[in-house]
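See below for the structure under consideration.
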Amino acid sequence: MTDVLLYVLGILIVLIGLAVSIGLHEIGHLIPAKLFGVKVTQYMIGFGKTLWSRTKGETEYGVKAIPLGGYIAMTGMYPPKQPGDAPRAATTGFLNSVVEEAPLPTGRAKPGTDPERIDGIDSAEGAEGVEIRRGLAGLVDDARLASAETIEAGEDHRAFYRLPAWKRIIVMLGGPIMNLVLAFVFFGIVLVGFGVPQPSTTLGAVNECLRPANSTATECAPGDPEAPAAAAGLRPGDTIVAIDGTPVTDWEAFRARVAAGPGLTMQLEILRDGAPQTVSLTPAENERALVDENGRVRTDADGAPLTERVGMVGATPASEYVPQPITELPAFVGENVARVAGIVVQLPQRMVDTWNAAFGAGERDPNGPMSVVGVGRLAGEIVSLDEAPVAARVQSVLGLLGSLNIALFVFNLLPLMPLDGGHVLGAIYEAIKRGIAKLRGKPDPGPVDTAKMVPVTLVMVVVFGAMTVLLVYADLVKPVSLFG
């Protein structure tokens, strides 16, 4: 029963962490938008039915039923089609913005219209093609003009589209940057507060015998030679202090000394239960492949692998958590960003792999994409793992939350509508377009009509929705597990 409660606790921690991350993401949009004078009518965590809300000033703050998204509603996300038209309210959120920005088209060709030309479209395109283009035009018009009545008289200057491009970029980047800051906080606690596991000079395991590297046996056979560490009387928990009077400060130093002395007896100073002891250790000779600085096996002129004779003792180190300097944090976060970006770049193939695993006999890639359901299950496994120390479990859950914020950061920067990166791309394009016109002495072309990207928004909704459904299904029927 306790394990079940801990498992549920792990899931709740991730859900709460996700809700907080989403809420702070939207605050990253809210603060600069208000500082720049944009009218923000809503700040919501979640989507669906509103569970609670309170209006403060001109903004309604609230929580909705499904805490898997969030948005702020800003007036004038799109410029009007014609000068003098009213802009409309729009949102920064993904699922919510889709509903508001892309209503169903209302424009249709009337019966009896001249079949030769409809609004300048040649009939060779066919009736279906005309209908599609009319439908797309309707989508764009409705997205641009719907909810125009929400813009109060005299407040057109507070519309989002009227901001300079650099201010719009700041508003849209505020959300992802907030997720990046949260990732730094979570990973900072993990690295600086808890540390990362590293091999210590304390023995974690001592083998009774030596077996070939390709052996799958789990027990010693009568003919297997005794491991040098066991022959010397070493035990798990012994801490190596020095070899032949030379202090040993880390496991790699001990490993290098052993590898360099096959067949040579050395005096090993250890601490056992706090008391110093000295034992004689003679590493056995072992053959291993030579590798270069990149870990690749070196070969001779004929392509045969090169080998070397090294010493081995048949013991492995225990891990200890070593706090890292804060200067290591940027590189650590950067590596995680690069890893997630690599997953996003390969997302089509990875989704195919997920499909094959979910509906076939294949296994899920533990480094592949997961839904919130999958992340929650991992957190449940971690928190309910009795064998792990509490500190290690807390560290792992914080690492999950850090990774979740990295995923939100990278995903929202995709240059696709209605994600933040799509709006940033539109602002950059507008700045370039206006800059070129200014250099050429031409009139200001005005704001870019980003409403024309609404059809792309709908396509992305379908794609992302299908991906979410697939990942949730895969996480339910064939979840990624930390422990097999």
In segment 53-71, is there at least one residue being modelled with pLDDT of 90 or more, open to solvent by less than 40 Å² (accessible area, probe 1.4 Å), more than 20 Å from Val410 (Cα to Cα) and assigned to a helix (DSSP H, G or I)?
no
Taking the residues in segment 163-200 that are open to solvent by 30 Å² or more (accessible area, probe 1.4 Å) and part of a strand (DSSP E or B) as candidates, determine which candidate is modelled with the highest pLDDT.
Pro199
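Hey, does segment 245-252 have a residue that's buried (at least 16 other Cβ atoms within 10 Å of the Cβ), of a type outside the set (Lys, Arg), free of Cβ contacts under 8 Å to residues at least 60 places away in the same chain and out of contact with any Asp or Glu (no Cβ under 9 Å at 6 or more places or on another chain)? Walk me through it before giving the result.
Taking segment 245-252 and keeping what is buried (at least 16 other Cβ atoms within 10 Å of the Cβ), we get 248, 251.
Filter again for of a type outside the set (Lys, Arg), leaving 248, 251.
Next, only the ones that are free of Cβ contacts under 8 Å to residues at least 60 places away in the same chain stay: 248.
Next, only the ones that are out of contact with any Asp or Glu (no Cβ under 9 Å at 6 or more places or on another chain) stay: none.
Taking every residue of segment 245-252 in turn, none turns out to be buried (at least 16 other Cβ atoms within 10 Å of the Cβ), of a type outside the set (Lys, Arg), free of Cβ contacts under 8 Å to residues at least 60 places away in the same chain and out of contact with any Asp or Glu (no Cβ under 9 Å at 6 or more places or on another chain).
Being under 15 Å from Val206 (Cα atoms) and in contact with a Gly (Cβ under 9 Å, 6 or more places away or on another chain): is that true of Ala259 here?
Details: under 15 Å from Val206 (Cα atoms): no; in contact with a Gly (Cβ under 9 Å, 6 or more places away or on another chain): yes.
So Ala259 does not fit the description; no.
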What pairs come up if the first residue lies in segment 269-281 and is in contact (Cβ under 8 Å) with a residue 24 or more places away in the chain, the second is in a strand (DSSP E or B) and open to solvent by 70 Å² or more (accessible area, probe 1.4 Å), and their beta carbons are under 6 Å apart, counting only those six or more places apart or on different chains?
Glu269/Thr278; Ile270/Gln277
I'd like the full set of residues that are open to solvent by 40 Å² or more (accessible area, probe 1.4 Å) and within 18 Å of Ala205 (Cβ to Cβ), limited to segment 262-272.
Leu271
It is to be established whether one or more residues within segment 324-335 are on the phi > 0 side of the Ramachandran plot and without any contact (Cβ under 8 Å) to a residue 24 or more places away in the chain.
no
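The values are calculated or read from the model by the stated rules, or taken from the named source; none is laboratory data. Here the structure is a predicted model, which means the values were calculated and not measured. We place every Cβ from the backbone using ideal geometry, glycine too, and count neighbours over all the protein chains shown. Surface areas here come from the heavy atoms of the whole protein model, side chains and all, with no ligands, DNA or RNA. Shrake-Rupley method; radii C 1.70, N 1.55, O 1.52, S 1.80 Å.
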